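A.B. asks: My questions all concern the structure below.
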Amino acid sequence: MSRQELTNRGTGVAKWSFPPVHPEGRKFGLIAGGITLFFAFMAWETLAWPMVAVTVWTLAFFRDPARATPIEDRFVVAPADGLVTLIEKVPPPPELRGPDGLGDEPMTRVSIFMSVFDVHINRTPIRGTIKRVVYIAGKFLNADLDKASDENERQHFLVERSDGVRIGFTQIAGLVARRIVAFVKEGDSVANGQRVGLIRFGSRVDVYLPQGTSSRVIKGQRCVAGETVLAELGVDQDLIAVAH
């Protein structure tokens, strides 16, 4: 069961239900709701109605839907909802380089941009152990820009499987994002598609694929965190976009 559907076993009818709100966002929803009630109590309708919309949007921003994650270990799943904006060969970030990290050679980086309307709960691309969590303070440039990977506030994760395969991914703050939150720490074991953090109010996630592995998504494609397969480990075959 996933994607906000609850199945009625008696009738076989799938019913939609608003997904739960992550605890990290409940306080913001309460604040917005409190302001809305205050404006309504004061009969300030011109302020109360817009605040109703703000309250609904706040709760929607922090929604935390269930996801059906592929169980195949060879798949690298998307860590974020959003639009694939960049796919390019680049060196790994300095914080993830070295013999105990991703090495020093260029690797394929897939960048997923999250708008303020996307789900902002981020998930691990593979199962394994969190080997590194590195937070870097920085700027708040447009997260859609290439240089945001090097200049914006960001948080790096390195996940290693039991067979030694490593995946690095980075949460990057954007223009209006002002806090990156991690749900895991170094040494934690994580399952495929497990929640690992969130970024508030618009941002981006970069994924660094191992050598010999190419992307199975293309620029302009939308991803669903924990469900969309970004790559198949060991398969190096670029996709070609076809116009219809």
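The values are calculated or read from the model by the stated rules, or taken from the named source; none is laboratory data. The structure presented is a predicted model; accordingly, all values stated were derived computationally and were not measured. Reconstructed Cβ throughout: ideal geometry from the backbone, glycine too, with neighbour counts over all protein chains shown. Side chains are part of the model used for accessible areas, which takes the heavy atoms of the whole protein and leaves out ligands, DNA and RNA. Shrake-Rupley method; radii C 1.70, N 1.55, O 1.52, S 1.80 Å.
A.B. asks: Quick check on the stretch 32-47. Is at least one of its residues small (Gly, Ala, Ser), open to solvent by 70 Å² or more (accessible area, probe 1.4 Å) and assigned to a loop (DSSP other than H, G, I, E, B)?
C.D. replies: Yes, because at least one residue in the stretch 32-47 is small (Gly, Ala, Ser), open to solvent by 70 Å² or more (accessible area, probe 1.4 Å) and assigned to a loop (DSSP other than H, G, I, E, B).
A.B. asks: Oh, and also: Can you find a residue in the stretch 145-156 that is modelled with pLDDT of 95 or more, over 12 Å from the mean Cα position of the chain (by Cα) and among the charged types (D, E, K, R)?
C.D. replies: No, the stretch 145-156 contains no residue that is modelled with pLDDT of 95 or more, over 12 Å from the mean Cα position of the chain (by Cα) and among the charged types (D, E, K, R).
A.B. asks: Would you mention how many residues in the stretch 181-212 are touching a residue at least 40 places away in the same chain (Cβ under 8 Å) and touching a Gly at 6+ places or on another chain (Cβ under 6 Å)?
C.D. replies: Result for the stretch 181-212: 6.
A.B. asks: Of the numbered conditions (1) at pLDDT 95 or above; (2) touching a His at 6+ places or on another chain (Cβ under 9 Å), Val207 satisfies every one except a single condition; which is it?
C.D. replies: Result: Val207 passes all but (2).
A.B. asks: A further question follows. Would you mind telling me which numbered condition in (1) in contact with a strand residue (DSSP E or B) (Cβ under 6 Å, 6 or more places away or on another chain); (2) closer than 26 Å to Val21 by Cβ; (3) modelled with pLDDT of 90 or more Ala191 fails?
C.D. replies: All conditions are met except number (1).
A.B. asks: I would also like to ask the following. Being more than 12 Å from the chain's Cα centre (by Cα), buried (at least 18 other Cβ atoms within 10 Å of the Cβ) and modelled with pLDDT under 90 is true for just one of Gly128, Gly174. Which residue is that?
C.D. replies: Gly174
A.B. asks: The conditions are (1) closer than 27 Å to Val207 by Cα; (2) touching a Phe, Trp or Tyr at 6+ places or on another chain (Cβ under 8 Å); (3) at pLDDT 85 or above, and Ile112 fails exactly one of them. Which is it?
C.D. replies: (2)
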